[in-house]
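This report refers to the structure that appears directly beneath it.
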């Protein structure tokens, strides 16, 4: 992947496309790359004149991605957008947080009692979870994009 990234260019870092939520256009759960770990590699490659745009709809994961950028010295290069990405603007909801198991599993019950066990990265679009903003990539009017990473 990195061979496609040019110094001084723009990289767009999104996660995977989930199912179509009810009441919203076909907005998939498009996140950054789960807390910005790939974004750090991309930022090192584009350098200080480049930009990496990460999309993370879950507020907590977006905050971690911002912290990751700061800790690694790329806060001027990495832009974390607390939004999902789709072909049309909308509002959507994340699914109820499920910690790597069925909603009625023992793990889920333990995680509900102790929230630090929730697997936020395993959450897709749904109905009852966190409300998220859905934006289009076109709305950013990006120039010189050398790579769009999906998943």
Fewest to most neighbouring Cβ within 10 Å: what's the order for 81, 53?
81, 53
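Please arrange 56, 130 by counting, for each residue, the other beta carbons lying within 10 Å of its beta carbon, fewest first.
130, 56
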Take 79, 3 and order them by how many other Cβ atoms sit within 10 Å, fewest up front.
3, 79
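No lab work stands behind these numbers, since they all come straight from the coordinates. The model shown is predicted, which means the values in this text are computed figures rather than measured ones. Every residue, glycine among them, receives a Cβ derived from its backbone with ideal geometry; neighbour counts consider all protein chains shown.
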